[in-house]
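This report refers to the structure that appears directly beneath it.
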Amino acid sequence: MSAPLPRLLVVTAVAPEAAAVLRGVQTAIPHSGPVPHELPGGYALERCGPVDVLAAGVGPAAAAAGTATALTLADYDLVVSAGIAGGFAPLAPLGCAVVAELIVAADLGAETPEGFATVTELGFGRVRHRTAHSAPVAAALRAAGLPTAVGPVLTVSTVTGSAARAAELTDRHPGAVAEAMEGFGVAEAAAAHGVPVLELRTVSNAVGPRDRAAWRIGEAFAALERAFALLPYDRLHHRAQHEG
């Protein structure tokens, strides 16, 4: 008899991201549903077999609050921050998947005469979490032919809109593959509950000057669905240490 699949909480910002994730999960794990649940605070959660998908809202604060609410009500083996993201060229082109090795709060700190200082450097807390399962997840996606970048994924409260800001972020965070707005909030809540975290996204636009005509949101949603259809669910059991 095969072992039961791990129980996952997947946290997205908005309903269209959650819907893409659920389509992928249903392809990978045929199951009746999804079954809707409303959590305290009005959060919408959809249950599909061993995977719960939560649309928690935009930004790290909303993500942390929604994730913490769900984690107080059920036990999970892994929390996944998921959705679409901006990719740093050339490491993460449009339509590819990105798997975080580190989740980094890129703008949590202070401007000083010497430049930006993180809250860790200021002595107030942490700005990064090391993820669980990044290597097997990336290997599974690549083996199935989905282009996948692996590296730090940055959490920002203000989306980058200029080449100068993009250059500043990559200078400060070499090897960064993407930026999004929720990962660090999800990771903080997961760490508080002792649950490992992963961030898995797909690229809808390049980080830099805002050019909506160049965005490929539909392609990113299709890639997100495919990523969750390809996820190696049976390999996501073991817990891992968090890095502050």
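The values are calculated or read from the model by the stated rules, or taken from the named source; none is laboratory data. This one's a predicted model, so the numbers in the text were calculated from it and none came from an experiment. Every residue, glycine as well, gets a Cβ built from its backbone with ideal geometry; the counts of neighbours run over all protein chains shown. Side chains included, ligands, DNA and RNA excluded: accessible areas come from the protein's heavy atoms. Shrake-Rupley method; radii C 1.70, N 1.55, O 1.52, S 1.80 Å.
Taking into account only those residues within the range 99-126 that are among the charged types (D, E, K, R) and more than 17 Å from P174 (Cα to Cα), which is most open to solvent (accessible area, probe 1.4 Å)? Only one residue fits best here, namely E114.
The number of residues in the range 140-161 being touching a helix residue (DSSP H, G or I) at 6+ places or on another chain (Cβ under 8 Å) and either on the phi > 0 side of the Ramachandran plot or assigned to a helix (DSSP H, G or I) (or both) comes to 2. Quick one: in the range 23-39, of everything that is touching a Cys at 6+ places or on another chain (Cβ under 6 Å) and either within 8 Å of V53 (Cβ to Cβ) or basic (K, R) (or both), which residue is modelled with the highest pLDDT? Checking each candidate, the answer is V25. Just for the range 217-233: of the residues that are touching a Ser or Thr at 6+ places or on another chain (Cβ under 6 Å) and surrounded by fewer than 21 Cβ atoms within 10 Å (Cβ to Cβ), which one is modelled with the highest pLDDT? Among residues in the range 217-233 that are touching a Ser or Thr at 6+ places or on another chain (Cβ under 6 Å) and surrounded by fewer than 21 Cβ atoms within 10 Å (Cβ to Cβ), the one modelled with the highest pLDDT is A229. Based on this model, can you work out whether A68 counts as within 19 Å of H193 (Cα to Cα), of a type in the set (G, A, S), at pLDDT 95 or above and open to solvent by 50 Å² or more (accessible area, probe 1.4 Å)? In short, no. Of the residues E168, E179, the single one that is of a type outside the set (A, V, I, L, M), under 18 Å from L91 (Cα atoms) and crowded, with 20+ Cβ neighbours inside 10 Å is E179.
Restricting the range 34-65 to residues that are surrounded by fewer than 19 Cβ atoms within 10 Å (Cβ to Cβ) and among the aliphatic types (A, V, I, L, M) leaves a set whose member that is nearest to the chain's Cα centre (by Cα) is V58. List pairs: first in the range 162-188 and assigned to a helix (DSSP H, G or I), second open to solvent by 40 Å² or more (accessible area, probe 1.4 Å) and small (G, A, S), Cβ under 7 Å, 6+ apart or cross-chain? Going by the 7 Å Cβ cut-off, the qualifying pairs are G185/A61. Of all residues in the range 179-199, none are farther than 15 Å from V79 by Cβ and in contact with a helix residue (DSSP H, G or I) (Cβ under 6 Å, 6 or more places away or on another chain).
Within the range 145-160, track down each residue that is of a type in the set (G, A, S) and open to solvent by 40 Å² or more (accessible area, probe 1.4 Å). Scanning the range 145-160 gives G145, S157. Considering the range 127-139, and only residues there that are touching a helix residue (DSSP H, G or I) at 6+ places or on another chain (Cβ under 6 Å) and not β-branched (V, I, T), the residue that is surrounded by the most Cβ atoms within 10 Å (Cβ to Cβ) turns out to be H129.
For first residues located in the range 111-128 and small (G, A, S), partners that are loosely packed, with under 12 Cβ neighbours inside 10 Å and in a strand (DSSP E or B) and lie 6+ apart or on another chain with Cβ distances below 7 Å form the pairs A117/A110.
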